[in-house]
Amino acid sequence: MTHPNPSTALARAVVDEMANQGVEVVVISPGSRSAAIAIAASGHDSVETIVVVDERSAAFHALGVARATGRPSAVLSTSGTAAANFFPAIVEADMSCVPIIVITADRPAEMQRVGANQTIDQVEMFGEKVRAYSGIEAPDVAVDRNAEWRGVVARIVTAARGVPPGPSHLNVRFREPTVPVTDDGRTTASEYPFPTRRIDSAMPAVATEHVEMPVLAPGRGIVIAGDGEYDRGALAARAAALNWPVLATALSGMRGDHTVTTYHHLLTGGVEEALRPDTAVAVGAIGPSPRLESVITSARDRVRIDAWGRKIDPHRHATRIIAGDVDRLLQRVEGAAGEDWPVVWADAEQRCRQRLDAVLEGDQRMSGAAVASALNDVAWGSLVVASSLPIREVDAHLRRGGPVLANRGASGIDGFVSTALGVASRIPRTVALCGDLSLLHDSNGFINDGAVDLTIVLMDNGGGGLFDTLPQASHAPDYERLFVTPPHRDFETLARLHGLRYAEASARDDLVRLTGAALRRPGLDLIRVPIDRSHDQQVRSQLDG
């Protein structure tokens, strides 16, 4: 089989080899130089394509798909500043170990550094933030390049799936025509005479390294379960056998009756002597919680372990940092703690929970804590949470289990809408919880052709409420304008612009009812919860009591 021009041949080989390597979704932002790959992807039987107009949003959409599935997805842009807009999502994918394939179309060598339109230097433009970079030069009709092209794509996908997983970058140069004809009306080309059939080869294996685990002394231990790659069921069973309590962060997905979830308020005044562990094992990324750090610091042996090899020890408290599997580590504990040890934690958890419930039940107004607590009574399939206050409220007040996803690698609010849409395209009954600024920051993400069911719960506190808890609130001149930045926007109008159903919840029961109803029907819903910032601060103080 021949192809109408070299660019079409190259694009078809690239897309088919991505599919061969397990890439099922390509998110496309429209452009001319990338046309050949967009057309090839749209016509491939094994590839789903989603068109997102804004490149920054497109990259976060692909990140959401990959975060939900654990498999690489791809995002495609044309040349120039379009490619540069991928960078925020690449930073997040790098730091949170999410596999995405970044494909940037580029101008051929003869158009570089001569002032050609829409041409920038795209070679290794994302630096060390990607696991691997490869470039493919614009082809001609003289040489059969199929095996070379496919080999490059296989290596790029393998790098994204590696240890640790993350983004990889493929820069592909094309000459016109970039549409599947020999004459597009302004440029002609010869047919590409060589076949681009798939080469029979196994998917490259991802190398793993066996790490010798240290022996941990017996005694009172705790496990802090964070975001990362590990067997949740095996961890729970091993910790139970050791009589070690599990403090489960929201992003661990391990919350439930047998884990400690009130630690944020349980540790308000520090770590009581009765709760002080001999050994603390923190698994994966546990988030920026000073109170969790305090319980780690209180232990004699402070272990940080991550299967992807991330060195997560922001306060340099760890006595050991290990790259490996936590189940293998816990097998090396020389003896279990006494049966009274988990009971002490369980009793403290119960007392703290009763106190928190009493505060929230006695407050008739909505707060961030009330919103997060209400989600315990909603049958969501996954919960996507924005950075800043929303994730902090969820970590403090969510008690039910299930997948909780957030962009906490770099902790930005950018790309939230698109990440949630990407997750919702893979996981039914997804709820997204955000603040007003994170919703507005990525409202372009709604401009796409995907048919997604998503319910967005908006905590509208009139700007960046997190700053009320930081020193800027007391010491920064022009505090409201420079930091809180109240947006003064009508969210019902925004919802109508993007075709979302709109509702408002002024009470906890309203929120549960409206969210449940939204999850039972297809399409996009926006449920706004008005929150007074000063009241929200008062509630946080009462909860810390």
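Here Ala299 does not qualify as more than 15 Å from Ala396 (Cβ to Cβ), surrounded by fewer than 17 Cβ atoms within 10 Å (Cβ to Cβ), more than 27 Å from the chain's Cα centre (by Cα) and modelled with pLDDT of 95 or more.
Restricting the range 100-122 to residues that are free of Cβ contacts under 8 Å to residues at least 60 places away in the same chain and among the hydrophobic types (A, V, I, L, M, F, W, C) leaves a set whose member that is surrounded by the fewest Cβ atoms within 10 Å (Cβ to Cβ) is Val114.
The residues listed here are Ala336, Ala369; of these, the one that is among the small types (Gly, Ala, Ser) and farther than 22 Å from Arg302 by Cα is Ala369.
Rundown of residues vs (1) assigned by TED's automatic domain parsing to the domain that holds Val53; (2) touching a strand residue (DSSP E or B) at 6+ places or on another chain (Cβ under 6 Å); (3) modelled with pLDDT of 95 or more; (4) farther than 26 Å from Arg540 by Cα, yes/no style:
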{"residue": "Val385", "(1), (2), (3), (4)": "no, yes, yes, no"}
{"residue": "Asp395", "(1), (2), (3), (4)": "no, no, yes, no"}
{"residue": "Leu405", "(1), (2), (3), (4)": "no, yes, yes, no"}
{"residue": "Gly412", "(1), (2), (3), (4)": "no, no, no, no"}
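Counting residues in the range 205-217 that are touching a Leu at 6+ places or on another chain (Cβ under 6 Å), surrounded by 18 or more Cβ atoms within 10 Å (Cβ to Cβ) and in contact (Cβ under 8 Å) with a residue 12 or more places away in the chain gives zero. The residues of the range 146-174 that are charged (D, E, K, R) and buried (at least 21 other Cβ atoms within 10 Å of the Cβ), listed by number, are Arg150, Arg161, Arg173.
If you go through the range 397-425 and keep only what is under 11 Å from the mean Cα position of the chain (by Cα), within 24 Å of Tyr230 (Cα to Cα) and not hydroxyl-bearing (Ser, Thr, Tyr), you end up with Val404, Leu405, Ala406, Asn407, Arg408, Gly409, Ala410, Ala420, Gly422, Val423. Contact map, the range 478-499: first residue in the same structural domain as Ile527 (by TED's automatic domain parsing) and aromatic (Phe, Trp, Tyr), second residue surrounded by fewer than 16 Cβ atoms within 10 Å (Cβ to Cβ) and at pLDDT 95 or above, Cβ cut-off under 7 Å, separation 6 or more or different chains; the map is empty.
For the range 482-513, the set of residues classified as part of a helix (DSSP H, G or I), closer than 20 Å to Leu439 by Cβ and among the basic types (Lys, Arg) consists of Arg496 only.
Quick grid of which residues meet (1) within 22 Å of Leu454 (Cα to Cα); (2) touching a Cys at 6+ places or on another chain (Cβ under 6 Å); (3) of a type outside the set (Val, Ile, Thr):
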residue	(1), (2), (3)
Val53	yes, no, no
Ser57	yes, no, yes
Phe60	yes, no, yes
Thr81	no, no, no
Asn85	no, no, yes
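Checking the structure you have, find out if any residue of the range 263-274 is surrounded by 23 or more Cβ atoms within 10 Å (Cβ to Cβ) and within 22 Å of Arg408 (Cα to Cα). Before you say what the answer is, go through the steps one by one.
Here is the first cut: in the range 263-274, the residues surrounded by 23 or more Cβ atoms within 10 Å (Cβ to Cβ) are 263, 266.
Cutting the leftovers down to within 22 Å of Arg408 (Cα to Cα) gives us 263.
Yes, the range 263-274 contains at least one residue that is surrounded by 23 or more Cβ atoms within 10 Å (Cβ to Cβ) and within 22 Å of Arg408 (Cα to Cα).
With respect to Ser438, determine if the residue is modelled with pLDDT under 95, under 24 Å from Ala59 (Cβ atoms) and either buried (at least 24 other Cβ atoms within 10 Å of the Cβ) or under 20 Å from the mean Cα position of the chain (by Cα) (or both). No: the conditions fail for Ser438.
All conditions in (1) more than 28 Å from Gly422 (Cα to Cα); (2) touching a Leu at 6+ places or on another chain (Cβ under 8 Å); (3) polar (S, T, N, Q) hold for Asn461, with the sole exception of (1).
Ala358 falls short on exactly one of the conditions (1) among the aliphatic types (A, V, I, L, M); (2) closer than 30 Å to Asp532 by Cβ; (3) in contact (Cβ under 8 Å) with a residue 40 or more places away in the chain, and that condition is (3). Remark: Val179 matches the filter, which requires a residue to be within 22 Å of Glu110 (Cβ to Cβ) and at pLDDT 95 or above. Looking at Gly166, Gly127, Gly185 in this structure, which one is closer than 30 Å to Gly287 by Cα and free of Cβ contacts under 8 Å to residues at least 12 places away in the same chain? When all the criteria are applied, what remains is Gly127.
Only one entry in Asp227, Asp231, Asp144 is in contact (Cβ under 8 Å) with a residue 40 or more places away in the chain, touching a Gly at 6+ places or on another chain (Cβ under 8 Å) and charged (D, E, K, R), namely Asp227.
Taking the range 314-421 as the region of interest, the helices (runs of 4 or more DSSP H) fully inside it that hold 1 or more residues being surrounded by fewer than 20 Cβ atoms within 10 Å (Cβ to Cβ) are 326-330, 340-361.
The values are calculated or read from the model by the stated rules, or taken from the named source; none is laboratory data. The structure presented is a predicted model; accordingly, all values stated were derived computationally and were not measured. No Cβ is skipped: glycine too gets one built from the backbone with ideal geometry, and neighbour counts run over all protein chains shown.
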